[in-house]
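Worksheet: the structure to be examined is printed underneath.
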Amino acid sequence: MDGRIATRLQALGITLPALQPPVASYVPYVITGNLVVISGQLPMITGKLAWSGKLGGTVSPADGTAAARQCFLNVLAHLNAACDGDLDRVARVVRLGGFIACTPDFTQHATIMNGASELAVEIFGDAGRHARSTIGVPSLPFDAPVEVEGIFEID
Amino acid sequence: MDGRIATRLQALGITLPALQPPVASYVPYVITGNLVVISGQLPMITGKLAWSGKLGGTVSPADGTAAARQCFLNVLAHLNAACDGDLDRVARVVRLGGFIACTPDFTQHATIMNGASELAVEIFGDAGRHARSTIGVPSLPFDAPVEVEGIFEID
Amino acid sequence: MDGRIATRLQALGITLPALQPPVASYVPYVITGNLVVISGQLPMITGKLAWSGKLGGTVSPADGTAAARQCFLNVLAHLNAACDGDLDRVARVVRLGGFIACTPDFTQHATIMNGASELAVEIFGDAGRHARSTIGVPSLPFDAPVEVEGIFEID
């Protein structure tokens, strides 16, 4: 990779993670028209969940935010594959969906999801500014604390 | 505003609310092709949550339905901005997503979300008839009882 | 129906269920461009919920998986209507969203949702391979254990 975004990733000290294979019967992304729809990603690092548990429970806000950031990195790795390794083809981060596993009294979902959203803007600049929905959930696959999905427009 | 939909809003006695700024690092909407993707909206009125708590808990069904309606009004205000103030450009309400903060034994999610869905049809007529998914969640940002997101097709 | 997919359904012993009417103020699907967006479907059989309750509670994993499969069959019935009865027009299953009503300690969401995903691939082959997000929820409309929504690309 030697494009504009690849250079930006390097400046940010970010190495794209290895592609996380789907945990079940689906694929990591589908391209339809000029949209890339990416499956919900968990905070895996080299094939293992790096955090588990719930916000408001055993997972601290700082860890939750780090987990959301890692989810976005896994989204990004699949996006890179969808673009044949050229992230400069990304015209816009259209939408991120954030799912925060939490206790019923938890209220800081937005802060946690910023771990993903702020990274999107750091990497893509204005094109990284996206629509977003963030919700609490009682549990996620494999007891993950966060799951992030994404829709991107590519050229 | 003096178009067809603006006239309809006036007839319904609806004033578009002030634009609610995002509560975190994202934008209220993104336009991709002829789709407007609008971020999840909470039932804010002039910058404050007008309801908080959960259905099946301290929030009555009537209040939950009113909250869903208010969420849709906030969606509508952003849609109006996306259309440069001309809601007549809305060709179709494509999809609404409804998130209902509730207790595990709550079952009337559909009725609550009708507060948003019925308003969409009142305002846009047949073009307001939309696909929809409604789910329960244990909690939402800032203890909001309802969150509504939307996708719209514009000309 | 006598197309390729209709023949495949017959070989699988699948009869499309009767169209389940929406449970509230919305429509089963909207077509925008070449995308069909289908409302969240519950595991109804001939107008009645065939399963109720939660995973991790009174609903076994086998029943949850069967419920997810039934949800997809209801998605499929609406997709068939959207295609005027010709499922050969389906170019790609783009995305399935899976909502699993469960207890906070449940972790096997992915397995349950495979009831829908594996059927998509059985029916559509490679075109059935889709992006997917699966999350837990505390409750669903009418105490359903699973809800599945879908986006499809058609010709």
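The values are calculated or read from the model by the stated rules, or taken from the named source; none is laboratory data. Because the structure is a prediction, the values reported are computed rather than measured. Using ideal geometry, Cβ is built from the backbone for each residue, glycine included, and neighbour counts are taken over all protein chains shown.
Quick one: is A:V93 more than 23 Å from B:C102 (Cα to Cα), within 11 Å of another protein chain (Cβ to nearest Cβ), of a type outside the set (F, W, Y) and assigned to a strand (DSSP E or B)?
yes
Can you confirm whether C:G53 is touching a residue at least 12 places away in the same chain (Cβ under 8 Å) and in a loop (DSSP other than H, G, I, E, B)?
yes
Return a yes/no flag: does segment C:30-49 have any residue that is part of a loop (DSSP other than H, G, I, E, B), over 23 Å from C:V90 (Cα atoms) and touching a strand residue (DSSP E or B) at 6+ places or on another chain (Cβ under 8 Å).
Among the residues of segment C:30-49, not one is part of a loop (DSSP other than H, G, I, E, B), over 23 Å from C:V90 (Cα atoms) and touching a strand residue (DSSP E or B) at 6+ places or on another chain (Cβ under 8 Å), which makes the answer no.
State all residues of segment B:112-134 that are surrounded by fewer than 21 Cβ atoms within 10 Å (Cβ to Cβ), facing another protein chain (nearest Cβ under 7 Å) and either under 26 Å from C:G33 (Cβ atoms) or more than 14 Å from the chain's Cα centre (by Cα) (or both); if no residue qualifies, say none.
Once the filter is applied, which keeps residues that are surrounded by fewer than 21 Cβ atoms within 10 Å (Cβ to Cβ), facing another protein chain (nearest Cβ under 7 Å) and either under 26 Å from C:G33 (Cβ atoms) or more than 14 Å from the chain's Cα centre (by Cα) (or both), segment B:112-134 yields B:V121, B:R129.
If you scan segment B:1-29, which residues turn out to be touching an Asp or Glu at 6+ places or on another chain (Cβ under 7 Å) and part of a loop (DSSP other than H, G, I, E, B)?
Result: B:G3, B:L12, B:S25.
Picking from C:T103, C:T107, C:T111, which residue would you name as being of a type in the set (V, I, T), within 16 Å of A:S25 (Cβ to Cβ) and at pLDDT 95 or above?
C:T111
Got a sec? Which of C:F72, C:F142 is closer than 24 Å to B:H109 by Cβ and within 15 Å of the chain's Cα centre (by Cα)?
Just a single option satisfies the conditions, and that option is C:F72.
Only residues that are closer than 17 Å to C:A62 by Cα, of a type in the set (A, V, I, L, M) and in a helix (DSSP H, G or I): list them for segment C:101-138, please.
Hits for segment C:101-138 are C:A110, C:I112, C:M113, C:A116, C:L119.
Taking B:I154, is it crowded, with 21+ Cβ neighbours inside 10 Å and β-branched (V, I, T)?
no
Conditions: (1) buried (at least 19 other Cβ atoms within 10 Å of the Cβ); (2) within 14 Å of B:V36 (Cα to Cα); (3) free of Cβ contacts under 8 Å to residues at least 40 places away in the same chain. B:L79 meets all but one. Number of the miss?
Exception for B:L79: condition (3).
What are the pairs, 6+ residues apart or on separate chains, where a residue within segment B:135-149 that is under 22 Å from B:L76 (Cβ atoms) and more than 7 Å from chain A (Cβ to nearest Cβ) has its Cβ under 7 Å from a residue that is in a loop (DSSP other than H, G, I, E, B) and among the basic types (K, R)?
Close Cβ pairs satisfying both conditions: B:P145/B:K54.
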